[in-house]
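Comments concern the structure below.
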Amino acid sequence: MADASSARSEKVGPLEGKVALITGSVRRNGRAMALALANDGAAIVVHARNSADEAHAVAREIEASGGRAMVHLADVADEAAVQGMIDAIVAKFGRLDILINNAANRNQVPLAELTLESWNEVMGVILGGAFLCSRAAIPHMIAGGGGTIINIGGLTGHTGAHDRAHVITAKAGLVGLTKALAVEFGAKGITVNCVVPGQIGGARSATSGIPAPKPGGDENVVGRMGTFEEVAAMVRTLCLPTGAYITGQTIHVNGGRFMP
């Protein structure tokens, strides 16, 4: 009987030879996206700011299925750290084809209690991190003949919510960044889209915050929460060669909770 590695080598996935960086990929949607792209043949860069044990666990999971992975810890709000991460990826794999800007920090605080420090911290990770990672990655995508950038948005960036002005503003900003980069780099073969998960089930980490209440309640038309795998499936679609004509779009995966 063939082992997992030999079985994997016999299967040539649609992303074989590609390299994907998923920021914040140690749990929930990030982990699911890493596993989905690895299953399609991409080498995966598992990223976290400081969760080394969890990051290595995801990398081992990928490798156990015959995939390739590396772990890199970095603060995506730190310009030098981001450049160092991209340099390390290219030094190891020789290229970078896919960037998924998923890293985020969330907390709930009323506007009157929201400090400028907290505002800047959230902006720096969610929006600043997407900017820094994209800026550092794009030259390598151009050198490789094209690439894919996916920004992971937030439903409250479209519906609003109490006590999250900083998070909502940062997530809404990703929509603008998506459009700007899609226009600027479309002719270079780079697609840029924003995927917006709705209410997703599963255990939440301490840094994920509690699910934000939505105006009008949490109902959607399918009558259940989504799964990490369903979000990852949409991301995967955009990364495949057949997704190359989709760019500049904000795509909601929310069971009909919000219909733009």
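Which of the residues that make up segment 169-200 are surrounded by 22 or more Cβ atoms within 10 Å (Cβ to Cβ) and assigned to a helix (DSSP H, G or I)? Across segment 169-200, the qualifying residues are A170, K171, L174, T178, L181.
Note on segment 109-139: residues that are free of Cβ contacts under 8 Å to residues at least 12 places away in the same chain and not in a helix (DSSP H, G or I) amount to 1. Picking from residues in segment 50-83 that are out of contact with any Gly (no Cβ under 7 Å at 6 or more places or on another chain) and β-branched (V, I, T), the one that is surrounded by the most Cβ atoms within 10 Å (Cβ to Cβ) is V58. The single condition among (1) modelled with pLDDT of 95 or more; (2) assigned to a loop (DSSP other than H, G, I, E, B); (3) of a type outside the set (S, T, Y) that V12 does not satisfy is (1). When segment 19-28 is filtered for residues that are out of contact with any strand residue (DSSP E or B) (no Cβ under 6 Å at 6 or more places or on another chain) and either over 24 Å from Q199 (Cα atoms) or not basic (K, R) (or both), only G24 remains.
Residues in segment 17-32 that are in contact with a helix residue (DSSP H, G or I) (Cβ under 7 Å, 6 or more places away or on another chain) and of a type in the set (G, A, S) were compared, and the one that is farthest from L240 (Cα to Cα) is G24.
The values are calculated or read from the model by the stated rules, or taken from the named source; none is laboratory data. Please read these numbers as outputs of a predicted model, since none were measured by experiment. FYI the Cβ positions are ideal-geometry reconstructions off the backbone, even for glycines, and counts take in every protein chain you see.
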